[in-house]
Amino acid sequence: MPKYYNGIVVQKHNDKFANALLSALKAVHEEGAYDKIMAKWGISLLSLKEPGINLATKKPLVEPKP
């Protein structure tokens, strides 16, 4: 399980752009390209189940137990 989120930074008040990126990321997820990209770069452990906005605040990751 990942210890942190990876993502795209958007200016705080640019909701229109943030939502456009979110729509694009959802499409990439739905067609399966996201998983292929993450696997190609060897970072599948960082994969998200679904994209979102401000996930670190809304859905904090739980630190895995050693």
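The values are calculated or read from the model by the stated rules, or taken from the named source; none is laboratory data. The structure displayed is predicted, hence computed values, not measured ones. Every residue, glycine among them, receives a Cβ derived from its backbone with ideal geometry; neighbour counts consider all protein chains shown.
A few points about this structure:
- Given (1) in a helix (DSSP H, G or I); (2) touching a Leu at 6+ places or on another chain (Cβ under 9 Å); (3) of a type outside the set (G, A, S), number of the condition L22 does not satisfy: (2)
- Out of G7, G42, one residue alone is surrounded by 13 or more Cβ atoms within 10 Å (Cβ to Cβ) and not in a helix (DSSP H, G or I). It is G7.
- Of the candidates N14, N19, the single residue that is surrounded by 12 or more Cβ atoms within 10 Å (Cβ to Cβ), modelled with pLDDT of 95 or more and among the polar types (S, T, N, Q) is N19.
- When restricted to residues that are over 15 Å from Y4 (Cβ atoms) and surrounded by 14 or more Cβ atoms within 10 Å (Cβ to Cβ), region 27-39 contains 3.
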